[in-house]
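Remarks on the structure that follows.
The values are calculated or read from the model by the stated rules, or taken from the named source; none is laboratory data. Since we're looking at a predicted model, the values are computed, not measured. Note that each Cβ is placed from the backbone with ideal geometry, even for glycine, and that neighbours are counted across all protein chains shown.
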């Protein structure tokens with residue numbers, strides 16, 4: 001008997017490991033993956049290029065219906081799991097979400113990761129500020145979702161460990177108590193270290 005496809009959201013600031021984790025999960029279990037960033041660019045939903053931020057601006061009014069249709073198409077193949085990953089995956093309506101995982105990263109480590117991606121200092125700063133403020137998690141909290149939300153600190157653990165943690169929760173019914181939201185707080189950490197001025201003017 002076919003069980004309903006479970007939609008797994010993986011979100012987080014750029015550099016936290018979303019794409020790598022999704023690919024590693026696909027090595028562990030049978031899943032389909034939608035990378036919203038790749039989809040937006042490959043199918044020309046990026047109608048403008050923000051030269052200041054050096055990124056594409058997506059027209060979500062056109063893009064979202066396309067994504068939802070893509071989800072329905074994948075559902076016809078009857079996979080057990082579908083992963084939707086992106087830092088803007090909060091655009092997905094709650095009725096299409098069964099689990100949400102927000103990947104987090106310590107600002108100091110995130111700086112190193114984004115440097116390796118050749119982000120310029122302005123873009124690095126903006127992303128680190130977003131991570132400190134917990135923007136990705138806040139977007140989902142504001143949706144007042146009934147489906148479970150978890151956050152995983154990827155700072156000092158491998159991609160493989162993050163992937164296995166997610167699989168344990170969605171497949172093996174681990175309750176994920178150690179990953180319930182609210183346990184990662186960079187703002188408090190930096191405040192206690194008197195380092196907020198390093199990241200905010």
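Only one of the numbered conditions (1) crowded, with 17+ Cβ neighbours inside 10 Å; (2) outside any loop (DSSP other than H, G, I, E, B); (3) at pLDDT 95 or above is not met by residue 16, and that is (2). From the list 157, 149, 121, exactly one residue is farther than 25 Å from residue 6 by Cα and at pLDDT 95 or above. Which is it? When all the criteria are applied, what remains is 157. Based on this model, can you work out whether residue 78 counts as surrounded by fewer than 15 Cβ atoms within 10 Å (Cβ to Cβ) and assigned to a loop (DSSP other than H, G, I, E, B)? Yes, satisfied.
Taken as a whole, the condition of being crowded, with 19+ Cβ neighbours inside 10 Å, touching a helix residue (DSSP H, G or I) at 6+ places or on another chain (Cβ under 9 Å) and not in a helix (DSSP H, G or I) does not apply to residue 166. Considered as a group, the residues in region 99-142 that are without any contact (Cβ under 8 Å) to a residue 12 or more places away in the chain and closer than 17 Å to residue 195 by Cβ include one that is surrounded by the fewest Cβ atoms within 10 Å (Cβ to Cβ), and that residue is 112. So, of the residues in region 24-59 that are assigned to a helix (DSSP H, G or I) and crowded, with 17+ Cβ neighbours inside 10 Å, which turns out to be modelled with the lowest pLDDT? Filtering first and then ranking leaves 40. Residues that are within 18 Å of the chain's Cα centre (by Cα) and touching a residue at least 40 places away in the same chain (Cβ under 8 Å) do not occur anywhere in region 188-197. Taken over region 146-161, the criterion of being closer than 16 Å to residue 183 by Cα and touching a strand residue (DSSP E or B) at 6+ places or on another chain (Cβ under 7 Å) is satisfied by 148, 149, 150, 151, 152, 153, 154.
Conditions tested, residue by residue: (1) more than 16 Å from the chain's Cα centre (by Cα); (2) on the phi < 0 side of the Ramachandran plot.
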| site | (1), (2) |
| --- | --- |
| 117 | yes, yes |
| 124 | yes, yes |
| 133 | no, yes |
| 139 | no, yes |
| 173 | yes, no |
| 177 | yes, yes |
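Evaluate the following for residue 182: is it surrounded by 13 or more Cβ atoms within 10 Å (Cβ to Cβ) and closer than 29 Å to residue 29 by Cβ? Let's see the steps before the verdict.
On the way: surrounded by 13 or more Cβ atoms within 10 Å (Cβ to Cβ): no; closer than 29 Å to residue 29 by Cβ: yes.
Against the criterion (surrounded by 13 or more Cβ atoms within 10 Å (Cβ to Cβ) and closer than 29 Å to residue 29 by Cβ), residue 182 does not qualify.
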